Amino acid sequence: MLHSVTTFTDFILEDEEKYPQAKGNLPLLLLQLENAVKIIASHVRKAGLSDVLGQTGKVNAFSEEVQKLDEFSNSLLIKTLTSSGQVHTIVSEELSDAHVASPNGSYDIFFDPLDGSSNIDTNNPIGTIFSIYHHTDNLLKKGSEQIAAGYVMYGAGTVLVYSSGHGVNDFTFDPAVGSFLLSHINIKIPQEGNTYSINEAYFPKYSDPMKQFLSQWKEKPKASARYVGALIADIHRTLLKGGIFLYPTDSSHPEGKLRLTIEVNPIAFLVEQAGGETFATSSSPLDVTPQHIHERSPFIAGSPTNVKEYKKYV
């Protein structure tokens, strides 16, 4: 018996047909992005067998150690997206300034080439995060203006989670056919969950309301904690299982640590498209107008009931 299988290519072509008013050639951009992450996934799988483990000896614009796989992924994505001819401006976590790829490109793209790179040497989940906007003269747009966003997680399997503003779908890479295949249709985050995800080593540095929230959570009968240390891994579990992810401000990071345009906005877009809630300082981060491309932000996301409960404390 033959079963219908939808590839990522099929999906994005069908998706574009639903919206004839769409500008530019988003499918071509996404296909180039897909090709790049397939190559990154291949290098991740054989990281211990090739010279892609360890640090380069360099630091990026934020004084963070650059891993070899970070540098490879960043260069590959810039080269591949530029070759599409569809991208006007690229903003990467590894670049201090915006990079003009194609003056006639229709889109601006923000990405973290390798989220969770501190996990590389220990073979824990890592990923690529991306966010796409129509190009305008103003690069500092609200996250609500995203036309598409997603992430790729390189773990036990390689998955691509994507939204164009009409729900969230999950594609799993099948190496036998060389394609991402639709595996979770129209993901909906559970209304409430029992799991919280936060780096509790920072507990002494958190505000009193945050400490109070965490303390009361631990009193729940079925409370559990999970923290991987890669944003995409913790968010992926939260999307599927429910609960709450927290990366708040602390005394060492009074503005937050995650980057609003590169990490927070695309993940917030996906969480809200899946029916979840997100919170930054006083509202959804998608309502915030960035002041610069590498602005930092606190970030809370997860099941609606759990995020509403958090808001009562702050």
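For residue 181, the conditions (1) of a type outside the set (Val, Ile, Thr); (2) in contact with a His (Cβ under 8 Å, 6 or more places away or on another chain); (3) touching a residue at least 60 places away in the same chain (Cβ under 8 Å) are fulfilled apart from (2).
Regarding region 275-286, can at least one residue be identified that is without any contact (Cβ under 8 Å) to a residue 12 or more places away in the chain and either in contact with a helix residue (DSSP H, G or I) (Cβ under 9 Å, 6 or more places away or on another chain) or more than 17 Å from residue 234 (Cα to Cα) (or both)?
So in region 275-286, the residues without any contact (Cβ under 8 Å) to a residue 12 or more places away in the chain come out as 282-283.
Going one step further and asking which of them are either in contact with a helix residue (DSSP H, G or I) (Cβ under 9 Å, 6 or more places away or on another chain) or more than 17 Å from residue 234 (Cα to Cα) (or both), we end up with 282-283.
So far as region 275-286 goes, yes, one or more of its residues are without any contact (Cβ under 8 Å) to a residue 12 or more places away in the chain and either in contact with a helix residue (DSSP H, G or I) (Cβ under 9 Å, 6 or more places away or on another chain) or more than 17 Å from residue 234 (Cα to Cα) (or both).
For region 297-310, name all the residues that are surrounded by fewer than 18 Cβ atoms within 10 Å (Cβ to Cβ) and either basic (Lys, Arg) or in a loop (DSSP other than H, G, I, E, B) (or both). Across region 297-310, the qualifying residue is only 308.
Would you confirm, using the coordinates I've provided, whether residue 204 is touching a residue at least 60 places away in the same chain (Cβ under 8 Å) and assigned to a helix (DSSP H, G or I)?
Numbers: touching a residue at least 60 places away in the same chain (Cβ under 8 Å): no; assigned to a helix (DSSP H, G or I): yes.
The answer is no for residue 204.
Whenever a residue of region 258-272 is at pLDDT 95 or above, its partners that are assigned to a helix (DSSP H, G or I) and of a type in the set (Ser, Thr, Tyr), lying with C-beta atoms within less than 9 angstrom and at least six residues away or across chains, give the pairs 265/144; 269/144; 271/238. Of all residues being among the β-branched types (Val, Ile, Thr) and either outside any strand (DSSP E or B) or more than 21 Å from residue 276 (Cα to Cα) (or both) in region 213-254, which is farthest from the chain's Cα centre (by Cα)? Just the residue, please. If we take residues in region 213-254 being among the β-branched types (Val, Ile, Thr) and either outside any strand (DSSP E or B) or more than 21 Å from residue 276 (Cα to Cα) (or both), then 249 is farthest from the chain's Cα centre (by Cα). Considering each residue of region 206-257, count those that are of a type in the set (Asp, Glu) and within 19 Å of residue 312 (Cα to Cα), and give that number. Count: 3.
May I ask you to verify whether residue 111 is within 19 Å of the chain's Cα centre (by Cα) and modelled with pLDDT of 95 or more? The answer is yes for residue 111.
For the residues 128, 172, 136, 122, the requirement of being without any contact (Cβ under 8 Å) to a residue 40 or more places away in the chain, closer than 18 Å to residue 31 by Cβ and either surrounded by fewer than 18 Cβ atoms within 10 Å (Cβ to Cβ) or outside the structural domain of residue 258 (by TED's automatic domain parsing) (or both) singles out 172.
The values are calculated or read from the model by the stated rules, or taken from the named source; none is laboratory data. All values reported here derive from a predicted model rather than from experimental measurement. Virtual Cβ from ideal backbone geometry, glycine too; neighbours counted across all protein chains shown.
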